[in-house]
2 protein chains.
Amino acid sequence: MPWSKDNAALVAAEPGSALTVESASNYTFAMPSGKYIDDLSVGETFETGGVTLTEGAIIDFALVHDPQPFHVNKVAAAESIFGGLIASGFQTIALTFRLFRDTGVLTGTNLGGHGMDEVRWLAPVYSGDTISVRVTVEAITPSRSKPDRGTVKFRYQTFNQNDVEVLNLVMHHVMACRS
Amino acid sequence: MPWSKDNAALVAAEPGSALTVESASNYTFAMPSGKYIDDLSVGETFETGGVTLTEGAIIDFALVHDPQPFHVNKVAAAESIFGGLIASGFQTIALTFRLFRDTGVLTGTNLGGHGMDEVRWLAPVYSGDTISVRVTVEAITPSRSKPDRGTVKFRYQTFNQNDVEVLNLVMHHVMACRS
(Lines give C-alpha, C1' and ligand atoms only; values in the text may rest on other atoms or scores of the structure.)
Protein backbone atom coordinates (compact mmCIF):
# COMPACT_ATOMS: atom_id res chain seq x y z
CA MET A 1 0.00 0.00 0.00
CA PRO A 2 2.52 2.64 -1.10
CA TRP A 3 -0.20 5.08 -2.03
CA SER A 4 -3.95 5.04 -1.68
CA LYS A 5 -6.85 7.40 -1.69
CA ASP A 6 -7.39 6.60 1.97
CA ASN A 7 -4.19 8.17 3.15
CA ALA A 8 -3.70 10.63 0.30
CA ALA A 9 -4.47 13.51 2.63
CA LEU A 10 -1.26 12.92 4.53
CA VAL A 11 0.94 10.56 2.54
CA ALA A 12 1.98 10.72 -1.09
CA ALA A 13 4.60 8.01 -1.42
CA GLU A 14 7.04 7.63 -4.25
CA PRO A 15 6.67 4.00 -5.28
CA GLY A 16 9.92 2.18 -4.70
CA SER A 17 11.33 4.75 -2.28
CA ALA A 18 13.80 3.25 0.15
CA LEU A 19 12.68 3.68 3.77
CA THR A 20 9.23 2.89 2.64
CA VAL A 21 6.08 4.75 3.37
CA GLU A 22 4.57 1.33 2.78
CA SER A 23 6.03 -0.09 5.96
CA ALA A 24 5.16 3.09 7.82
CA SER A 25 1.66 2.91 6.43
CA ASN A 26 1.34 -0.64 7.61
CA TYR A 27 1.86 0.70 11.09
CA THR A 28 -0.08 3.92 11.09
CA PHE A 29 -2.69 3.11 8.47
CA ALA A 30 -3.46 -0.46 9.44
CA MET A 31 -7.08 0.56 9.92
CA PRO A 32 -9.53 1.61 7.21
CA SER A 33 -9.71 5.34 6.57
CA GLY A 34 -11.41 7.46 9.20
CA LYS A 35 -14.35 9.75 8.74
CA TYR A 36 -14.13 12.79 6.56
CA ILE A 37 -15.75 15.97 7.71
CA ASP A 38 -18.62 15.27 5.28
CA ASP A 39 -19.28 11.97 7.07
CA LEU A 40 -19.88 13.54 10.48
CA SER A 41 -23.07 15.07 11.83
CA VAL A 42 -23.74 17.23 14.85
CA GLY A 43 -24.94 15.14 17.79
CA GLU A 44 -23.25 11.96 16.59
CA THR A 45 -21.45 10.10 19.39
CA PHE A 46 -18.64 7.57 19.57
CA GLU A 47 -17.74 5.23 22.43
CA THR A 48 -14.13 4.15 22.92
CA GLY A 49 -12.47 1.14 24.46
CA GLY A 50 -10.84 1.46 27.86
CA VAL A 51 -7.41 1.63 29.42
CA THR A 52 -6.32 0.84 32.98
CA LEU A 53 -3.96 3.28 34.64
CA THR A 54 -1.42 1.23 36.53
CA GLU A 55 0.82 2.59 39.26
CA GLY A 56 3.78 2.11 36.95
CA ALA A 57 2.24 4.02 34.07
CA ILE A 58 1.17 6.86 36.36
CA ILE A 59 4.58 7.23 37.98
CA ASP A 60 6.53 6.84 34.72
CA PHE A 61 4.49 9.56 33.03
CA ALA A 62 4.65 11.89 36.01
CA LEU A 63 8.39 11.54 36.59
CA VAL A 64 8.89 13.16 33.19
CA HIS A 65 5.93 15.48 32.88
CA ASP A 66 4.37 16.20 36.25
CA PRO A 67 6.56 15.11 39.20
CA GLN A 68 4.34 16.31 41.99
CA PRO A 69 4.19 14.10 45.09
CA PHE A 70 0.61 12.92 44.56
CA HIS A 71 1.62 11.61 41.09
CA VAL A 72 4.97 9.93 41.89
CA ASN A 73 5.01 9.12 45.61
CA LYS A 74 2.52 6.65 47.08
CA VAL A 75 3.38 7.59 50.64
CA ALA A 76 2.94 11.32 50.12
CA ALA A 77 -0.13 10.71 47.94
CA ALA A 78 -1.81 8.74 50.74
CA GLU A 79 -1.44 11.76 53.00
CA SER A 80 -2.48 14.30 50.36
CA ILE A 81 -5.99 15.65 49.85
CA PHE A 82 -6.47 12.83 47.29
CA GLY A 83 -5.75 10.00 49.71
CA GLY A 84 -3.83 7.95 47.16
CA LEU A 85 -1.75 7.98 44.00
CA ILE A 86 -3.53 9.70 41.13
CA ALA A 87 -2.73 10.16 37.45
CA SER A 88 -1.48 13.48 36.13
CA GLY A 89 -4.32 15.35 34.48
CA PHE A 90 -2.14 15.67 31.39
CA GLN A 91 -1.88 11.89 31.20
CA THR A 92 -5.65 11.54 31.43
CA ILE A 93 -6.09 14.02 28.60
CA ALA A 94 -3.50 12.32 26.38
CA LEU A 95 -4.95 8.84 26.97
CA THR A 96 -8.44 10.19 26.39
CA PHE A 97 -7.31 11.30 22.95
CA ARG A 98 -5.50 8.00 22.35
CA LEU A 99 -8.68 6.05 23.08
CA PHE A 100 -10.62 8.12 20.58
CA ARG A 101 -7.83 7.77 18.03
CA ASP A 102 -8.13 4.00 18.40
CA THR A 103 -11.76 4.08 17.23
CA GLY A 104 -10.40 4.86 13.76
CA VAL A 105 -12.62 7.90 13.31
CA LEU A 106 -9.58 10.15 12.82
CA THR A 107 -7.36 7.83 10.78
CA GLY A 108 -5.82 9.74 7.91
CA THR A 109 -8.52 12.41 8.05
CA ASN A 110 -7.51 14.33 11.19
CA LEU A 111 -5.05 16.98 10.01
CA GLY A 112 -4.23 18.49 13.39
CA GLY A 113 -5.80 20.49 16.16
CA HIS A 114 -6.42 24.15 16.96
CA GLY A 115 -6.79 23.67 20.69
CA MET A 116 -9.08 22.81 23.58
CA ASP A 117 -11.59 24.65 25.73
CA GLU A 118 -13.41 24.02 28.97
CA VAL A 119 -10.97 21.34 30.14
CA ARG A 120 -12.15 20.17 33.57
CA TRP A 121 -10.59 17.51 35.75
CA LEU A 122 -13.80 16.56 37.53
CA ALA A 123 -12.57 13.71 39.73
CA PRO A 124 -9.22 12.10 40.49
CA VAL A 125 -8.10 9.09 38.43
CA TYR A 126 -6.55 6.64 40.90
CA SER A 127 -4.05 3.92 40.13
CA GLY A 128 -6.00 0.85 39.07
CA ASP A 129 -8.83 2.89 37.59
CA THR A 130 -10.01 2.10 34.06
CA ILE A 131 -11.15 4.95 31.87
CA SER A 132 -13.17 5.10 28.67
CA VAL A 133 -14.49 7.97 26.64
CA ARG A 134 -17.64 9.22 24.95
CA VAL A 135 -17.05 11.69 22.12
CA THR A 136 -19.83 13.86 20.68
CA VAL A 137 -19.74 16.04 17.56
CA GLU A 138 -20.83 19.48 18.74
CA ALA A 139 -20.13 21.63 15.68
CA ILE A 140 -18.78 21.40 12.14
CA THR A 141 -17.35 24.52 10.49
CA PRO A 142 -15.98 24.42 6.93
CA SER A 143 -12.81 26.42 6.41
CA ARG A 144 -13.43 29.75 4.68
CA SER A 145 -10.00 29.84 3.03
CA LYS A 146 -9.26 26.13 2.41
CA PRO A 147 -12.09 24.13 0.82
CA ASP A 148 -10.35 20.81 1.48
CA ARG A 149 -10.76 21.00 5.25
CA GLY A 150 -12.78 22.30 8.20
CA THR A 151 -12.96 22.37 11.97
CA VAL A 152 -14.86 19.83 14.03
CA LYS A 153 -15.65 20.62 17.66
CA PHE A 154 -15.68 17.38 19.61
CA ARG A 155 -16.85 17.09 23.23
CA TYR A 156 -14.85 14.45 25.10
CA GLN A 157 -16.24 12.92 28.30
CA THR A 158 -14.05 10.47 30.18
CA PHE A 159 -15.49 8.07 32.74
CA ASN A 160 -13.97 5.64 35.23
CA GLN A 161 -15.14 2.06 35.81
CA ASN A 162 -17.86 3.34 38.17
CA ASP A 163 -19.27 5.68 35.52
CA VAL A 164 -17.94 8.69 37.39
CA GLU A 165 -17.05 11.42 34.91
CA VAL A 166 -13.40 12.29 35.55
CA LEU A 167 -12.69 14.62 32.62
CA ASN A 168 -14.70 16.82 30.30
CA LEU A 169 -13.26 18.93 27.50
CA VAL A 170 -13.82 20.33 24.04
CA MET A 171 -11.23 19.80 21.32
CA HIS A 172 -11.15 21.58 17.99
CA HIS A 173 -9.89 19.26 15.23
CA VAL A 174 -8.89 20.18 11.69
CA MET A 175 -10.33 17.45 9.47
CA ALA A 176 -10.19 16.72 5.76
CA CYS A 177 -13.16 16.97 3.39
CA ARG A 178 -13.99 13.97 1.21
CA SER A 179 -13.74 15.86 -2.08
CA MET B 1 12.95 15.94 57.17
CA PRO B 2 10.15 13.55 58.17
CA TRP B 3 7.76 16.43 58.73
CA SER B 4 7.99 20.15 58.14
CA LYS B 5 5.76 23.13 57.82
CA ASP B 6 6.82 23.49 54.21
CA ASN B 7 5.22 20.29 53.08
CA ALA B 8 2.58 20.00 55.76
CA ALA B 9 -0.12 20.69 53.21
CA LEU B 10 0.59 17.41 51.48
CA VAL B 11 2.69 15.24 53.78
CA ALA B 12 2.10 14.36 57.42
CA ALA B 13 4.60 11.63 58.10
CA GLU B 14 4.57 9.32 61.06
CA PRO B 15 8.08 9.58 62.49
CA GLY B 16 9.76 6.23 62.29
CA SER B 17 7.41 4.80 59.67
CA ALA B 18 9.09 2.18 57.52
CA LEU B 19 9.11 3.15 53.84
CA THR B 20 9.91 6.64 54.89
CA VAL B 21 8.28 9.80 53.81
CA GLU B 22 11.68 11.22 54.60
CA SER B 23 13.29 9.49 51.65
CA ALA B 24 10.32 10.34 49.46
CA SER B 25 10.53 13.92 50.61
CA ASN B 26 14.18 14.04 49.71
CA TYR B 27 13.10 13.32 46.17
CA THR B 28 10.03 15.46 45.76
CA PHE B 29 10.80 18.21 48.25
CA ALA B 30 14.47 18.72 47.48
CA MET B 31 13.71 22.33 46.64
CA PRO B 32 12.65 25.05 49.08
CA SER B 33 8.91 25.45 49.46
CA GLY B 34 7.05 27.10 46.63
CA LYS B 35 4.86 30.14 46.80
CA TYR B 36 1.68 30.15 48.81
CA ILE B 37 -1.37 31.84 47.40
CA ASP B 38 -0.66 34.80 49.74
CA ASP B 39 2.76 35.24 48.08
CA LEU B 40 1.39 35.72 44.56
CA SER B 41 0.07 38.90 42.99
CA VAL B 42 -1.90 39.48 39.80
CA GLY B 43 0.39 40.43 36.93
CA GLU B 44 3.44 38.69 38.39
CA THR B 45 5.36 36.68 35.79
CA PHE B 46 7.76 33.74 35.89
CA GLU B 47 10.21 32.62 33.21
CA THR B 48 11.17 28.94 32.96
CA GLY B 49 14.18 27.10 31.67
CA GLY B 50 13.97 25.28 28.36
CA VAL B 51 13.74 21.79 26.96
CA THR B 52 14.66 20.48 23.51
CA LEU B 53 12.19 18.12 21.85
CA THR B 54 14.23 15.39 20.21
CA GLU B 55 12.92 13.06 17.52
CA GLY B 56 13.17 10.23 20.01
CA ALA B 57 11.17 12.00 22.70
CA ILE B 58 8.50 13.06 20.21
CA ILE B 59 8.07 9.58 18.75
CA ASP B 60 8.20 7.79 22.13
CA PHE B 61 5.50 10.04 23.56
CA ALA B 62 3.32 9.81 20.46
CA LEU B 63 3.53 6.03 20.10
CA VAL B 64 1.71 5.78 23.43
CA HIS B 65 -0.50 8.84 23.46
CA ASP B 66 -0.97 10.24 19.97
CA PRO B 67 0.18 7.86 17.21
CA GLN B 68 -0.77 9.97 14.25
CA PRO B 69 1.60 9.85 11.26
CA PHE B 70 2.91 13.40 11.66
CA HIS B 71 3.99 12.54 15.24
CA VAL B 72 5.56 9.09 14.72
CA ASN B 73 6.56 8.81 11.06
CA LYS B 74 9.20 11.11 9.60
CA VAL B 75 8.41 10.08 6.03
CA ALA B 76 4.69 10.70 6.32
CA ALA B 77 5.31 13.87 8.36
CA ALA B 78 7.47 15.31 5.58
CA GLU B 79 4.53 14.92 3.20
CA SER B 80 1.94 16.22 5.64
CA ILE B 81 0.73 19.81 5.90
CA PHE B 82 3.42 20.32 8.57
CA GLY B 83 6.36 19.35 6.35
CA GLY B 84 8.18 17.49 9.12
CA LEU B 85 7.90 15.60 12.36
CA ILE B 86 6.11 17.60 15.05
CA ALA B 87 5.43 17.02 18.73
CA SER B 88 2.01 15.98 19.96
CA GLY B 89 0.18 18.98 21.33
CA PHE B 90 -0.40 16.98 24.51
CA GLN B 91 3.35 16.57 24.92
CA THR B 92 3.88 20.31 24.51
CA ILE B 93 1.27 21.00 27.19
CA ALA B 94 2.75 18.48 29.61
CA LEU B 95 6.31 19.75 29.14
CA THR B 96 5.09 23.33 29.47
CA PHE B 97 3.75 22.42 32.90
CA ARG B 98 6.94 20.51 33.76
CA LEU B 99 9.05 23.57 32.98
CA PHE B 100 6.93 25.73 35.25
CA ARG B 101 7.04 23.08 37.97
CA ASP B 102 10.84 23.20 37.78
CA THR B 103 10.86 26.89 38.78
CA GLY B 104 9.83 25.72 42.25
CA VAL B 105 6.86 28.10 42.43
CA LEU B 106 4.47 25.18 42.94
CA THR B 107 6.59 22.98 45.20
CA GLY B 108 4.46 21.68 48.05
CA THR B 109 1.91 24.48 47.64
CA ASN B 110 0.12 23.37 44.45
CA LEU B 111 -2.71 21.10 45.61
CA GLY B 112 -4.06 20.14 42.19
CA GLY B 113 -5.85 21.64 39.25
CA HIS B 114 -9.42 22.37 38.22
CA GLY B 115 -8.73 22.52 34.51
CA MET B 116 -7.63 24.60 31.55
CA ASP B 117 -9.24 27.07 29.19
CA GLU B 118 -8.38 28.70 25.89
CA VAL B 119 -5.75 26.09 25.00
CA ARG B 120 -4.35 27.04 21.59
CA TRP B 121 -1.65 25.26 19.63
CA LEU B 122 -0.47 28.32 17.74
CA ALA B 123 2.42 26.86 15.76
CA PRO B 124 3.94 23.40 15.26
CA VAL B 125 6.78 22.28 17.54
CA TYR B 126 9.29 20.51 15.29
CA SER B 127 11.86 17.94 16.33
CA GLY B 128 14.95 19.82 17.45
CA ASP B 129 12.96 22.82 18.70
CA THR B 130 13.62 24.14 22.19
CA ILE B 131 10.70 25.51 24.16
CA SER B 132 10.49 27.71 27.22
CA VAL B 133 7.56 29.26 29.03
CA ARG B 134 6.36 32.53 30.50
CA VAL B 135 3.72 32.20 33.19
CA THR B 136 1.61 35.14 34.39
CA VAL B 137 -0.74 35.30 37.38
CA GLU B 138 -4.06 36.45 35.95
CA ALA B 139 -6.40 36.02 38.92
CA ILE B 140 -6.41 34.84 42.54
CA THR B 141 -9.65 33.62 44.09
CA PRO B 142 -9.81 32.45 47.72
CA SER B 143 -11.97 29.40 48.29
CA ARG B 144 -15.34 30.24 49.79
CA SER B 145 -15.67 26.91 51.61
CA LYS B 146 -12.04 26.06 52.47
CA PRO B 147 -10.01 28.88 54.03
CA ASP B 148 -6.73 26.97 53.64
CA ARG B 149 -6.71 27.20 49.84
CA GLY B 150 -7.77 29.10 46.75
CA THR B 151 -7.64 29.09 42.96
CA VAL B 152 -4.91 30.78 40.94
CA LYS B 153 -5.48 31.41 37.24
CA PHE B 154 -2.13 31.19 35.47
CA ARG B 155 -1.61 32.16 31.81
CA TYR B 156 1.03 29.94 30.19
CA GLN B 157 2.78 31.11 27.00
CA THR B 158 5.23 28.72 25.39
CA PHE B 159 7.83 29.93 22.88
CA ASN B 160 10.32 28.18 20.63
CA GLN B 161 13.98 29.17 20.17
CA ASN B 162 12.95 31.80 17.62
CA ASP B 163 10.52 33.46 20.05
CA VAL B 164 7.56 32.13 18.10
CA GLU B 165 4.66 31.49 20.46
CA VAL B 166 3.67 27.86 19.97
CA LEU B 167 1.16 27.40 22.79
CA ASN B 168 -1.06 29.62 24.90
CA LEU B 169 -3.38 28.43 27.63
CA VAL B 170 -4.94 29.21 30.98
CA MET B 171 -4.64 26.76 33.85
CA HIS B 172 -6.61 26.92 37.09
CA HIS B 173 -4.49 25.72 40.04
CA VAL B 174 -5.62 24.96 43.56
CA MET B 175 -2.96 26.40 45.87
CA ALA B 176 -2.42 26.44 49.61
CA CYS B 177 -2.67 29.54 51.79
CA ARG B 178 0.23 30.35 54.09
CA SER B 179 -1.84 30.42 57.28
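The values are calculated or read from the model by the stated rules, or taken from the named source; none is laboratory data. Quick caveat, the model's predicted, so the values are computed rather than measured. Cβ sites come from the backbone with ideal geometry, for glycine too, and all protein chains shown count toward neighbours. In case anyone asks, the SASA skips ligands and DNA or RNA and just uses the protein heavy atoms, side chains included. Shrake-Rupley method; radii C 1.70, N 1.55, O 1.52, S 1.80 Å.
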Subset of the range A:130-147 [surrounded by 15 or more Cβ atoms within 10 Å (Cβ to Cβ) and either within 14 Å of another protein chain (Cβ to nearest Cβ) or outside any strand (DSSP E or B) (or both)]
A:I131, A:V133
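Does B:I59 satisfy the criteria of being within 12 Å of chain A (Cβ to nearest Cβ), surrounded by fewer than 23 Cβ atoms within 10 Å (Cβ to Cβ), of a type in the set (V, I, T) and over 23 Å from A:F70 (Cβ atoms)? Don't jump to the end; show me each part of the working.
Numbers: within 12 Å of chain A (Cβ to nearest Cβ): yes; surrounded by fewer than 23 Cβ atoms within 10 Å (Cβ to Cβ): yes; of a type in the set (V, I, T): yes; over 23 Å from A:F70 (Cβ atoms): yes.
So B:I59 fits the description; yes.
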Picked from the range A:97-123 (must be more than 8 Å from every other protein chain (Cβ to nearest Cβ) and either under 23 Å from B:L111 (Cα atoms) or aliphatic (A, V, I, L, M) (or both)), the residue surrounded by the fewest Cβ atoms within 10 Å (Cβ to Cβ) is A:L122
Pick from the range B:130-173, criterion of a type in the set (D, E) and out of contact with any strand residue (DSSP E or B) (no Cβ under 6 Å at 6 or more places or on another chain), ranking: modelled with the highest pLDDT:
B:D163
For the range A:62-88, how many residues are open to solvent by 40 Å² or more (accessible area, probe 1.4 Å), closer than 16 Å to B:N110 by Cα and either in contact (Cβ under 8 Å) with a residue 60 or more places away in the chain or at the interface with another protein chain (Cβ under 9 Å from one of its Cβ atoms) (or both)?
3
Among the residues of the range B:2-9, is there at least one that is at pLDDT 95 or above and in a loop (DSSP other than H, G, I, E, B)?
no
Inside the range B:34-52, can you point out the residues that are surrounded by 17 or more Cβ atoms within 10 Å (Cβ to Cβ), touching a Cys at 6+ places or on another chain (Cβ under 8 Å) and not aromatic (F, W, Y)?
B:I37
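Counting just the residues of the range B:160-179 that are part of a strand (DSSP E or B) and closer than 23 Å to B:K74 by Cα, which one comes out nearest to the chain's Cα centre (by Cα)? Break it down into steps so the answer makes sense when it comes.
Let us first name the residues in the range B:160-179 that are part of a strand (DSSP E or B), namely B:165-176.
Next, only the ones that are closer than 23 Å to B:K74 by Cα stay: B:166-167.
Numbers: B:V166: 15, B:L167: 13 Å.
Checked the range B:160-179; the qualifying residue nearest to the chain's Cα centre (by Cα) is B:L167.
Would you kindly identify the helices (runs of 4 or more DSSP H) lying entirely within the range B:52-129 that contain at least 1 residues that are modelled with pLDDT of 95 or more and out of contact with any Leu (no Cβ under 9 Å at 6 or more places or on another chain)?
Working: elements: B:55-65, B:69-72, B:74-79, B:89-101.
Of the helices (runs of 4 or more DSSP H) lying wholly inside the range B:52-129, those with at least 1 residues that are modelled with pLDDT of 95 or more and out of contact with any Leu (no Cβ under 9 Å at 6 or more places or on another chain) span B:55-65, B:89-101.
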